[in-house]
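Every number in this text was worked out from the coordinates using simple rules, so none of it is lab data. Remember, predicted model here, so these are calculated numbers, not experimental data. Methodologically, a virtual Cβ is constructed for each residue, glycine included, from the backbone with ideal geometry; neighbour enumeration extends over all protein chains shown.
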Amino acid sequence: MEGKIGIFDSGYGGLTVFKEIKHQLPQYDYIYFGDNARAPYGNRSFETVYEYTLQCVKKLFDLNCNLIILACNTASAKALRTIQQKDLSLIAPNKRVLGIIRPTTEIIGNFSKTKHIAILATHGTVQSKSYEIEIQKFFPKVNIYQEACPMWVPLVEYNEHLSDGADYFVKQHINNVMQHDKNIDTILLACTHYPLLIPKIKQYVPTNVQIISQGDIVAKSLSDYLNRHPEIESELSKNQSIKFYTTDDSDWFSVQARLFWDITINAEKIEL
Ligand code: DGL
C-alpha cells in the first residue's frame with residue numbers, strides 16, 4: 001500500500017532538514033512529527049531516547065508512513081540501530097527507518113582541507129561516539145574533536161537563540177573548539193537545531209573555518225537512496241502534501257515552527 005515519508009525530531013530541529021528534503025524532493029507526501037512535549041532529548045539516557053523514539057516511529061507508521069527519517073542526531077545515535085535491527089522486523093518488516101549520521105559521515109571528510117574537523121552536538125550524540133566511529137570508517141586519517149553544547153537546543157526551542165544571552169553559550173563552545181585544535185577548518189553542526197544559531201556562531205569562528213549543517217547532505221542522500229531502492233520509492237504517495245504533528249500545544253508549534261521555515265504551518269496535537 002502507498003504511504004508517506006515521515007520526518008521525526010525531538011522538537012523543531014528536524015525542520016532544518018525537512019525544509020531541504022521538501023525543496024529537493026517536492027513530489028512526495030510528508031508528515032513532520034516533533035515530540036516537543038518531551039524535548040530536548042539531548043541529555044536523556046540511551047533507554048529513554050530509544051523508548052521515546054520507538055513510540056514516535058510507531059505513531060508515524062500508524063499515520064501511514066512507509067519510510068521514516070530520524071531527522072535528529074540524538075535519536076539516530078541512540079535509537080536507530082536497535083529499531084532497525086530488533087523492532088522493525090516485528091512491527092513493520094516492509095517499512096524503513098533511516099538516520100542522519102551515516103549520510104553525514106560518508107562525506108564530511110571531503111569538506112576539510114586540513115582534515116581536522118570539529119563535531120558540535122548534544123551531550124547524547126557526543127557520548128554515543130557515533131560520529132567518531134563512523135567517520136573513522138570512511139576517513140581514517142581525519143582528526144576529530146567533539147564538543148557537546150547542551151544549552152544550544154534549549155536556546156533554540158525557547159526562541160532565545162538570537163538574544164544577547166545566547167552569545168555567552170555560543171562563544172564558550174566555539175572558543176573551546178578553536179583552543180583545542182587551531183588546525184580545525186570545518187565545524188559540523190551535528191544537531192538539527194544548531195543551524196538557527198549560525199548567525200551567532202559566525203561571529204566567533206575564524207573566517208577560514210567553514211560551518212556545515214546537515215539539511216542539504218541528508219536531502220541528497222535520501223534522493224540517492226530512493227534511486228537505489230525503487231521497491232521503496234514506488235510505494236510512496238506523490239500528492240505534494242505536508243502535515244505537521246506535535247506532542248505539545250499545536251498553536252504554539254505553528255508559531256515557533258515559522259522561525260525555522262517560512263511557510264504556513266497548521267500543526268495538530270497528537271497523543272502517543
Ligand atoms: N535536534 C536533535 C539533534 O539533532 C535533538 C536535540 C535534542 O532534543 O536535544 O540531536
Give me the net charge of Glu106's neighbourhood, meaning all other residues with Cβ under 14 Å from the Cβ of Glu106; Lys, Arg count +1, Asp, Glu -1. +1
Please list the three semi-axes, largest first and in whole Å, of the ellipsoid equivalent to the stretch 120-272, using sqrt of 5 times the eigenvalues of its alpha carbon gyration tensor. 30, 24, 14
Inter-part gap, Cα centre of the stretch 215-272 to Cα centre of the stretch 151-168, in whole angstrom, is 24 Å
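Counting Lys and Arg as +1 and Asp and Glu as -1, each charge on the Cβ, what is the dipole of the stretch 83-144 about the Cα centre in debye, to the nearest 20? If you can, show how the numbers build up before the last one.
Working: 9 positive and 4 negative charges, 27 e Å.
In total the dipole reaches around 120 debye.
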Given a Förster distance of 30 angstrom, what is the FRET efficiency for Glu268 paired with Thr82, based on the Cβ-Cβ distance and rounded to 0.05? 0.60
Once the stretch 58-161 is represented by equal point scatterers at the alpha-carbon sites, with solvent omitted, what log10 I(q)/I(0) does the Debye formula produce at q = 0.11 Å⁻¹? -0.43
On a 0 to 90° scale, report how tilted helix 15-24 is relative to the longest principal axis of the chain, with both axes built from alpha carbons and the result rounded to the nearest 10. 70 degrees
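Would you mind checking Lys141/Lys220; Lys78/Lys243; Lys22/Lys200; Lys137/Lys269 for any pair whose Cα atoms are more than 31 angstrom apart? Intermediate results must be reported in sequence, preceding the final value.
Working: Lys141/Lys220 25 Å; Lys78/Lys243 26 Å; Lys22/Lys200 26 Å; Lys137/Lys269 41 Å.
Where the Cα-Cα span goes over 31 Å, the pairs concerned are Lys137/Lys269.
Work the Kirkwood hydrodynamic radius out for the chain: mean of 1/r over every pair of different alpha-carbon atoms, inverted, in Å.
On the way: mean 1/r = 0.0535 Å⁻¹.
Kirkwood radius, the chain: 18.7 Å.
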Please list 97-106, 244-253 highest first by mean number of surrounding beta-carbon atoms within 10 Å per residue. 97-106, 244-253
Between the DSSP loop rule and a limit of at most 11 other Cβ atoms within 10 Å, which GluC sites (Glu not before Pro) in the stretch 192-272 are left? Glu271
Cβ-placed point charges (K, R +1; D, E -1), dipole of the chain about Cα centre in debye, nearest 20: 720 debye
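When the convex hull of the Cα atoms of the stretch 13-106 is projected onto a plane and the area is averaged over all directions, what value comes out in nm²? Before the final figure, lay out the partial values.
Working: hull surface 25.2 nm².
Mean shadow area of the hull around the Cα atoms is 6.3 nm².
Compare the peptides 218-229, 30-41, 199-210 by average per-residue count of other Cβ atoms within 10 angstrom and give them in order, highest first.
Put in order of decreasing packing, that is 30-41, 218-229, 199-210.
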What nm value, rounded to one decimal, do you get for the distance between Thr207 and Ile91 when each label is placed 7 Å out toward the C-beta? 5.0 nm
Near Gln24, within a Cβ-to-Cβ distance under 15 Å, what is the net charge of the other residues, with Lys and Arg +1 and Asp and Glu -1? 0
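Using 0.36 nm times the number of residues separating Glu106 and His123, minus their current alpha carbon distance, what extension gain do you get?
Full extension of this stretch gives 3.9 nm more.
Taking the Cα centre of the stretch 33-158 as origin and charging only Cβ (+1 Lys, Arg; -1 Asp, Glu), how large is the dipole, in debye to the nearest 20?
Values: 15 positive and 10 negative charges, 74 e Å.
The dipole magnitude comes to about 360 debye.
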Give the aspartates and glutamates whose C-alpha is closer than 19 Å to that of Lys4, dropping any in the same chain fewer than 8 places away, or say none. Glu20, Asp29, Asp35, Asp62, Asp224, Glu231, Glu233, Glu235, Glu268
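Can you check what the net charge comes to around Ile201, using other residues whose Cβ is under 13 Å from the Cβ of Ile201 (Lys, Arg +1; Asp, Glu -1)?
With Lys, Arg at +1 and Asp, Glu at -1, the neighbours total +1.
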On C-alpha positions alone, give me the angle between the axis of helix 164-180 and the longest principal axis of the chain, in degrees, nearest 10. 70 degrees
Contour minus Cα-Cα distance for His229 and Glu2 (0.36 nm per residue): 80.2 nm
